[in-house]
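Readers should treat all values here as calculations from the given coordinates under stated rules, not as data from a laboratory. These numbers come from a predicted model, not from an experiment. Positions of Cβ are backbone-derived with ideal geometry, glycine not excepted, and every protein chain shown enters the neighbour counts.
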Amino acid sequence: MIQLEKRLAPSKRAQYLNPFLAVALTMVAGGLMFAVLGKDPLAAIRLIFFDPIFSEQFGSYSRPQLLIKSAPLILIAVGLAIGFRAGIWNIGAEGQYIIGALCGAGVALAFYPMEGWFIFPLMVVAGALGGFLWAMIPAILKTRFNTNEILVSLLLVYVAEKLLAGMALGLLRNPDVAGFPGSRDLRRYESAHNADLIANTGMHWGVVAAMIAVILAYVMMTRHSLGYQVRLAGQAPRAARFAGVSPTRLVVVCFGIAGVLAGLAGMFEVSGPSGQVRIDFASGYGFTAIIVAFLGRLNPIGIVLAGLLLGLTYIGGELSQMMLQLPGAAIQVFQGMLLFFLLALDFQTNYRLKLTKGARA
Amino acid sequence: MTLKTILGAATALGLALAAPAFAQDQTKVGFIYVGPIGDHGWSYTHDQGRLAVEAEFGDAVETTYVETVAEGPDAERVMTQMALGGADIIFATSFGYGPEMNNVAERFPDIKFEHATGYIQEQPNVALYNARFYEGRAVIGHIAGKMNESNKVGYIASFPIPEVIMGINAAYLAAKAVNPDVEFSIIWAYSWYDPAQEAAAAEALIEQGADIIMQHTDSTAPLTVAQDAGVMGFGQASDMSGFAPEAHLTGIVDVWAPYYIERVQAVMDGTWEPVNVWHGIDEGMVGFAPFNDKIPAELVAEAEGMIAAIADGSYHPFTGPINRQDGTPWLAEGEVADDGTLLGMDFYVEGITSEIPN
């Protein structure tokens, strides 16, 4: 019979190679799928990975779009990765993202139509605070009542979605357009608009925040004692206790950081690229960021690459739909393959199959 | 071979591979859909319109589409990429694409933009088109009122926007006219297309005693649930009878092809204007799926009479006296609703017991 055996010393090199191998395998398997669908596989893969950046026709537009699409993914994933390293599972970043957006937009709309330099900074604070407080619900419930943070944080996403719908239909609805859901367009409210810092570059404050978050997270994880505690708690929880790491404090800190970053991502999105609080504002960034975090090996630098890669597959996926009429579902399968191959490779790195003779109890 | 020739060859290869989305002398038409074209509902019928454009003009046009595009920044990006890809006219087929379409239209003043069911027309190159689905809702409401035995009609609504509220009101008024005891239970899906959620909503409504299911969402799931439960329902957007032949009474069919052909022709002729049209049964934009054999012959005759009366203008589904839900008068005896009120409808008519989510 076949048995699984944990490898005693999983290869470090494989850990870093696996994401690249996964991308290569996805290209091969995805290419096969595209060929079965009757599309030119090389052209499709070229459109997905190459044209958004290098095509003369589309590049100048889609390069900035890559930043816009990837920045929230990176911002959220950096925060999640810290918790994941410590074995603290915040699955509800999507909810923290929504609440951050609602708080940021709420501040802006409360001041409308007043103009002032202080409005945008206040929105940033409100967005961060909103995400933080929403993340504190599963954190406090875990530390006080030992509830499961995976379930609580995930279920709070659905609560946040209902709140979002309620706000788009009620309190934050644009009073100038009778009967239609959705808030005022913040892109048309100068003091609240998270515009490109340099026109047509896609460089808005959310991109800047993502860069800062990556650097701070990197420094924290490698140089600061908190980063040491996080890593210790993840690798050896018992040892961490003996070393004086407070699990309660760690849960609160990890959820807090992730909540702040997700809330900021939502706030920068609602005041910039999206512009409006609307019922379907949430576009799954909070969930996709989980994939980004793991694809980036829970490492801030890796997350930047993974975030850009996933952003690329979204933008390139749309291009390949438009140019080759690939079905939208095929693009989603393609993105799913990426995670599938990564998990399979990681599994293979950490375990090995062993053939044993006869049945054993 | 020098480095230069290698580089030159590589560049040439690159340029050859980067062939434009469209050849030069054709009229290029782009479509963006909010759902998958396989929804057999809203997006499917728009795509049927696209295929009709291809069939009509042959090699003179080239069409493309992107499906399942979320409203918001994703839609803006897809429309911009279509514009960069050389499109001459772009049809955006969801209510929520409005702000983004106007943003893109401002940046590409030479490209024509057409927004289905929208209301924002800030640029001179944005046209709006919509269908008077409430006319169809009135007809199926009439059939529901007559076929209904439990006096309970279940209604799966998408988003609380005027279009959907108008449909609920039209169906309710027509059902109540033939069955004063009829009650509407309304479930909001907050989605245009979510088969799992639509199915769950249909199950809940049937459990509450509804024996007729109406839907303003795009999947076939509510109909298949209705069929399994032995109750009846109406299709949405396209002829869905194949998915639930027993349960499918009829359905409103969206007929976009004539409009799309007319508008593409206008682009070719250089006569395109930023119109704002609202076509109904009369113009052929609202049609019906075949009537189920279960509907008695006299009821079919009534429905067909109603369709004819709406088409020739002798009957308007919103003809007074009609009160608002709170009992205040809206339309006096014989008064007909004006289009402006209908397009901004944010209230239920008297008799509907639930409330619009707020």
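Of the candidates B:Gly287, B:Gly313, B:Gly118, which one comes out as most mobile in a Gaussian network treatment of chain B with C-alpha springs shorter than 10 Å? Of the options given, B:Gly313 has the highest mean-square fluctuation. For chain A, adding -39500 (n - 2.57) for each run of n ≥ 4 DSSP H residues and dividing by the number of residues yields -23500 deg cm²/dmol at 222 nm.
Within the listed set B:Thr220, B:Thr319, B:Thr328, the Gaussian network model of chain B (springs between alpha-carbon atoms below 10 Å) gives the highest mean-square fluctuation for B:Thr328.
What is the Cα centroid distance between segment A:304-361 and segment A:106-120, reported in whole angstrom? Rounded to whole Å, the Cα centres lie 43 Å apart. What the Cβ-Cβ distance of B:Thr341 and A:Tyr112 gives, at R0 = 25 Å and to the nearest 0.05, is a FRET efficiency of 0.35. Residue-normalised convex hull volume from the C-alpha trace of the protein assembly as shown: 217 Å³ per residue. Shape call for segment A:31-135 from the C-alpha gyration tensor, a ≥ b ≥ c root eigenvalues: rounded (a/c under 1.5), prolate (a/b greater than b/c) or oblate? Since a/c reaches 1.5 but b/c is at least a/b, the shape of segment A:31-135 is classed as oblate. Residue by residue along A:280-291, Cβ atoms of other protein chains within 10 Å of the local Cβ number 2 on average. Working note: Karplus 6.51/-1.76/1.60 with θ = phi - 60° gives segment B:155-160 the couplings 10, 9, 9, 8, 10, x Hz, where Gly and Pro are set to x. With only the Cα atoms considered, chain A has a convex hull volume of 181 Å³ per residue.
Exceedance of the 26 Å cut-off in Cα-Cα distance is limited, within the set A:Lys69/A:Lys142; A:Lys39/B:Lys28; A:Lys39/B:Lys112; A:Lys6/A:Lys69; B:Lys176/B:Lys294, to A:Lys69/A:Lys142; A:Lys39/B:Lys112; A:Lys6/A:Lys69. Arranged from fewest to most other beta-carbon atoms within 10 Å of their beta carbon, B:Tyr259, A:Tyr218 become A:Tyr218, B:Tyr259.
Here the Karplus curve 6.51 cos²θ - 1.76 cosθ + 1.60, taken at θ = phi - 60°, turns the phi angles of segment A:49-57 into couplings of 9, 10, 4, x, 9, 9, 5, 5, 5 Hz, with x standing for Gly and Pro. The label point for B:Glu355 and the one for A:Val208, both projected 7 Å from the Cα toward the Cβ, are 4.4 nm apart.
Reducing segment B:263-322 and segment A:248-296 to their Cα centroids gives an inter-centroid distance of 46 Å.
Taking a ≥ b ≥ c as the square roots of the Cα gyration tensor eigenvalues, with a/c under 1.5 meaning rounded and otherwise prolate when a/b beats b/c, else oblate, which class fits segment B:149-234? Here segment B:149-234 falls in the oblate category.
Entry note, chain B: the mean residue ellipticity at 222 nm calculated from DSSP H runs of n ≥ 4, each adding -39500 (n - 2.57), is -12500 deg cm²/dmol after division by the residues and rounding to the nearest 500. Projecting the Cα atoms of B:Asn102, B:Ala52, B:Gly35 onto the charge dipole of segment B:24-131 (Cβ charges, centred on the Cα centre) puts B:Asn102 farthest toward the positive pole. Overall, segment A:65-324 carries a charge dipole of about 980 debye about its Cα centre when +1 sits on the Cβ of Lys and Arg and -1 on the Cβ of Asp and Glu, all other atoms neutral. Karplus-based coupling profile of segment A:277-285, in residue order and whole Hz: 7, 9, 4, 9, 4, 5, 10, x, 4, with θ = phi - 60° in 6.51 cos²θ - 1.76 cosθ + 1.60 and x standing for Gly or Pro. Roughly speaking, what is the centre-to-centre gap between segment A:128-144 and segment B:149-165 when only Cα atoms are used, to the nearest Å? Centre-to-centre (Cα) distance: 37 Å.
For segment B:24-131, relative contact order (Cα pairs under 8 Å, six or more residues apart, normalised by length) works out to 26 percent.
Panel note: the C-alpha atoms of chain B, placed on their principal axes, show extents of 87, 42, 39 Å (largest first). Evaluate E = 1/(1 + (r/R0)^6) for A:Leu37 and A:Leu8, where r is the Cβ-Cβ distance and R0 equals 35 Å; express this FRET efficiency to the nearest 0.05. Here the calculated transfer efficiency is 0.20.
Mean separation of Cα pairs under 8 Å and 6 or more residues apart, divided by the residue count, gives chain B a relative contact order of 16 percent. Fewest neighbouring Cβ atoms within 10 Å first, the residues B:Ser158, A:Ser60 line up as A:Ser60, B:Ser158. According to the calculation over all Cα-Cα pairs in segment B:24-131, the P(r) per 10 Å bin from zero is 16, 51, 31, 2 %. Axis of helix B:162-178 versus longest Cα principal axis of chain B: the two differ by about 30°, to the nearest ten degrees. Using equal-weight Cα scatterers in the Debye expression, the normalised intensity of segment A:98-227 in log10 at q = 0.19 Å⁻¹ is -1.19. A simple spin-label model places the labels of A:Phe340 and A:Ala239 3.7 nm from each other, with each point 7 Å out along Cα-to-Cβ. Of all the options A:Gln57, A:Gln276, A:Gln235, the one that moves most in a Gaussian network model of chain A with Cα springs shorter than 10 angstrom is A:Gln57. Residues A:Ile301, B:Ile168, B:Ile352, A:Ile82 in ascending order of nearby Cβ atoms (within 10 Å, fewest first): A:Ile301, B:Ile352, B:Ile168, A:Ile82.
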